[in-house]
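See below for the structure under consideration.
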Amino acid sequence: MDFFLACLPVFKRLPEEALERLSRALALRRYGKGQAIFMDGDAPRAVYLLKSGLVKAVKYSRREEPVTMEIIVPGGLFGMIAVLDRKTYPVSAVCIRDSEAYEIPGRVFEDLLRTNPDFSRAVYSEIGEHLRQAHTLRAMGREAVSRRIAYILHLLAQSMGKELSIGREDIAEMCSTTQETVIRTLSEFRRKKLIASGWKRIVVLRSEGLEKLYSSPDGPPDESRKS
């Protein structure tokens, strides 16, 4: 049995025999930074489970500008909607850093849903969270950059813990902005004692402060709204 699977809440809903079958069907794939796991419009081959790294779900505008729809962290499932509705992938999944992902064949995933109601409910709940995050990130795309960065840091802290092994280039890519803007914003967050940071490392000191920053109706003044 794959113990990474067995430790994830969504897969704890599966009986041991089903976990064993799933473990035998998995294929572990490795991807480099910037590599696409799948592209918008590809036929759905599989559902993916991120084991390590960071991945962003991206939709490209008519001007080929990337819009980040979701940030996928280790333990996250993605590619589910296309497999379930048997249409093409609606977004591209692109690695923010070197990543590893398990590939779960679509037929295996569908069979697990059909034969395990508790697992099915957990998966559909996760799909709901995906849609909620996509809606929020899309709305954040029209907000000040500082709000977007605060949201991303809060999101990552909630899912990965308060000590984040990420660099300014990772944040810039997730927020569709420049590294210079990220540097200025993180400096302001440090001044407000919301975070502490070092080389490719950020510690979230006040998660509630970040949440207040991005959710406030007034929001902070930010001249870099379109940076």
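Computed from the coordinates by the stated procedures, all read-outs in this text should not be read as laboratory data. What you see is a predicted model, and the numbers here were worked out from it, not measured in a lab. As a convention, Cβ positions derive from the backbone with ideal geometry for all residues, glycine included, and neighbour counts pool all protein chains shown.
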Give me the lysines in straight-line cross-link reach of LYS212: C-alpha distance below 19 Å, same-chain residues under 8 apart excluded.
-> LYS162, LYS192, LYS193
Given a cut-off of under 8 Å on Cα pairs at least six residues apart, what relative contact order in percent is computed for segment 1-150?
-> 30
Which value in Å is the Kirkwood Rh of segment 143-215 over different Cα pairs?
-> 11.7
Once amide hydrogens are built 1.01 Å from N within the peptide plane, the residues lying 5 or more places from VAL55 or on another chain with amide H under 5 Å from its amide H are ILE72, ILE96
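Need the full-extension length gain, ARG24 to ARG121, defined as separation in residues times 0.36 nm minus the C-alpha distance. One decimal, nm.
32.6 nm
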Residues in segment 148-182 reached by a label modelled at GLU188 [backbone nitrogen below 11 Å; 7 Å Cα→Cβ] = 148-150, 181-182
Taking H placed 1.01 Å from N in the peptide plane, check which residues at least 5 places from LEU205 or on another chain put their amide H under 5 Å from its amide H.
-> ILE195, ALA196
Just one of (i) 53, 38, 32; (ii) 56, 34, 32; (iii) 69, 44, 41 is Cα extents along the principal axes in Å calculated from these coordinates, so which is it?
-> (i)
Arrange the peptides 189-202, 42-55 so that the one whose residues have, on average, the most other Cβ atoms within 10 Å appears first.
-> 42-55, 189-202
Over segment 7-139, equivalent-ellipsoid semi-axes from the Cα gyration tensor in Å = 25, 16, 14
